[in-house]
1. Here are a few candidate values for volume of the Cα convex hull per residue in Å³: (1) 217; (2) 123; (3) 159. Which one was actually calculated from the structure I just gave you?
2. Accessible area per residue of the chain at 1.4 Å probe, in Å²?
3. Please report, as a whole percent, how much of the solvent-accessible surface of the chain comes from carbon and sulfur atoms (probe radius 1.4 Å).
4. Given a cut-off of under 8 Å on Cα pairs at least six residues apart, what relative contact order in percent is computed for the chain?
5. Determine the distance separating the Cα centre of segment 84-143 from the Cα centre of segment 15-30; give it in Å without decimals.
6. Rounded to the nearest 500, what is the 222 nm mean residue ellipticity of the chain from helices alone, with -39500 (n - 2.57) per DSSP H run of 4+ residues and division by all residues?
7. GNM on the chain, C-alpha springs below 10 Å: top fluctuator among 144, 181, 164?
8. Pick from 21, 147, 41: which is most flexible by mean-square fluctuation in a GNM of the chain where alpha carbon atoms under 10 Å apart are linked?
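The values are calculated or read from the model by the stated rules, or taken from the named source; none is laboratory data. Keep in mind that this is a model prediction, so the values were computed, not measured. As a convention, Cβ positions derive from the backbone with ideal geometry for all residues, glycine included, and neighbour counts pool all protein chains shown. All accessible areas refer to the heavy atoms of the entire protein, side chains included, with ligands and DNA or RNA removed. Shrake-Rupley method; radii C 1.70, N 1.55, O 1.52, S 1.80 Å.
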Amino acid sequence: MGNSKSGALSKELLEDLKSNTKYNEAELCVWYQSFLKECPTGRITKEQFEGIYASFFPNADPTEYARHVFRSFDTNADGQLDFKEYIVALHLTSGGKTLQKLEWAFALYDVDGNGTISKNEIQEIVKSIFNMIPEEDQKDLPEDENTPDKRADKVWDFFGKKEDDKIAEREFIQGVMDNKDILRLIQFDEPQKIKDKLKEKKQ
């Protein structure tokens, strides 16, 4: 069983992922098999990632959001995700610890990677989130957040920022922890559906 060739996870990686995510050994092995089936090279490209995302949202356009999610997890910026980056992505987007999740959310919104978030960056991500909400569902949104601009303004106003100010990571995390409403506004809560879909695929 100590075989760490392509078909099996190495013991080191398994231990690492078990301690850093909520998945157990059996789940990780299943994830790995399905990952290799989709990506025989052991790496997933941005295009493949966007394709997987697209299959989860047949009534909307997740391309833009998937691109941002991919960027935020491609920690070594090589244009590919390995299995570890992929699993950490799944874990964080579907229920990581709040602090980890918020650190990831900050990385997602920090589009240019300069360590702060501008209002334009918030607008860019919020817009990509809206692309994933089917139009009929957008009609059910509250009046003050039913367009990307309104929602971005609401987030920005919460932080009490002027138009060209910036939000630092600590400020962002503290602000969101202090106000659950902001957490709802900055995220797209579909990952549970994504996980369910992946499980169906595997059966």
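1. Correct label is (2).
2. Per residue, the chain has an accessible area of 54 Å².
3. Here it works out to 50 percent.
4. Relative contact order of the chain: 19 percent.
5. If we compute the Cα centre of each part, the gap is 24 Å.
6. It lands at -18500 deg cm²/dmol.
7. Largest GNM mean-square fluctuation: 164.
8. Evaluated over the chain, the most mobile residue of the options is 41.
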